[in-house]
Structures are given as structure tokens and as C-alpha cells.
1. Tally time: how many residues in the range 33-48 are buried (at least 16 other Cβ atoms within 10 Å of the Cβ) and either without any contact (Cβ under 8 Å) to a residue 60 or more places away in the chain or not aliphatic (A, V, I, L, M) (or both)?
2. Of all the strands (runs of 3 or more DSSP E) wholly in the range 96-183, which have at least 3 residues that are over 14 Å from the mean Cα position of the chain (by Cα)?
3. Step by step: first the residues of the range 59-95, then only those that are among the hydrophobic types (A, V, I, L, M, F, W, C), without any contact (Cβ under 8 Å) to a residue 40 or more places away in the chain and not in a strand (DSSP E or B), then the one that is surrounded by the most Cβ atoms within 10 Å (Cβ to Cβ). Which residue is that?
4. Could you look through the range 166-183, keep only residues that are surrounded by 16 or more Cβ atoms within 10 Å (Cβ to Cβ) and at pLDDT 95 or above, and pick out the one that is nearest to residue 28 (Cα to Cα)?
5. Output the number of residues of the range 49-58 satisfying the condition of being among the small types (Gly, Ala, Ser) and in contact (Cβ under 8 Å) with a residue 12 or more places away in the chain.
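The values are calculated or read from the model by the stated rules, or taken from the named source; none is laboratory data. Since the structure is predicted, the reported quantities are computational estimates derived from the model, not experimental observations. All Cβ positions, even for glycine, are placed from backbone atoms using ideal geometry, and neighbour counts span all protein chains on display.
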Amino acid sequence: MTHTVVTEEGTGTLHVWALPTDEQTLLSIIRELFENHWQHIHFGVLVQGAAWEVATPNAPKKIAMYDGYVTVDFGRWHFHLCIGEHTASGPELGRIRRCSRAELYRGIGPDGTPTTWGLRLFNGRDEQLMTVMLPNPFLTDTQDILDPPDYSRLTVWDHLRATYLGLEPDPFDRSGKGFTHTR
């Protein structure tokens, strides 16, 4: 499976791999990330003018489905994502709310090498539902710079690519020199 190269205003160049958007696949990915890797990921919404990079306080107390929505509950707070058929609000709102595009991405820095890896989910209006920033070989879990890079932090990325796309680890992912981002 090949990737698509996308250039987005304010985001720069991304390599994007489309993922299935059926409820079972998305629930599996969410469970994988939040049950097994919660202490190494950041997540939120990244849109022009705002970047919410949230770290979880603990493993989820519960992950449950109801009327198309997955709830990831950390105890003191939780979030909901529409990843399945939502019927309570009618067919039009159900179509808009449901995740219609899911993708793994890697961001390419100014030097032409990868600097970020993640998962993005979008609704039926192509509005961002959530971005999960995966462990980065150039950053610690508290987002301090790692020097030298720790490429073992690409384990989650490699696992998601293998499990959901049937792809082997890509040596290109280990070619970067350090963390940079688009201004």
C-alpha cells in the first residue's frame, strides 16, 4: 500500500496512508492506543489557530460504545468520538458526525526527512475529530528533545502500519536528524 503526499497550509508536507473507517477497525485502534500506549501519546485537535496536545493522566477506566460513539473515560474526564452508526440525531447528523476519513501520517520536515508520526480522524464534513501524536524518536513522553534520537519510540507506528496496512517498518522513518515543525 502506497502513501499519498499531501501539502497542507500550516502543516507542511505529510505522507498519508488511508485507514478503514468501519466501527470495528476504529474501535480496535482506539483501544490499542489508549489502553496499551496511553503514557506515550498525546492527542487533541490540531487546527489553524489551536493545537490541543493532551496527555492522559492514567489508563482509561473504561472504553465503551453507545449509539455509534466510543467513550474513552479516564475517571475525572472523558471524551466521545462518533466512529459507528449514530441514529439518535437522525440520518443527516449521523452521517456528518461519523468518522468518514481515518489516516496514519508522518510529517516531513524542511530537510525532507520525517519529524512527526500520528493518526488523524475526520467527520463527514471533513472536519478534524482528533489527532493522536504517536511516540516520537526526537521527543520524550513529556516532549523534551531527545539527543540522540531513540528510534525504538517508533514501535507503535510500526505496529499500526503492520496491523492495519500490512506494511513492514520503513527505513525512511529512521532517517530524520531531529524534531522540527512548520511555523
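1. 7
2. none
3. Filtering first and then ranking leaves 74.
4. So, considering only residues that are surrounded by 16 or more Cβ atoms within 10 Å (Cβ to Cβ) and at pLDDT 95 or above, the one nearest to residue 28 (Cα to Cα) is 167.
5. Residues flagged as among the small types (Gly, Ala, Ser) and in contact (Cβ under 8 Å) with a residue 12 or more places away in the chain within the range 49-58 amount to 1.
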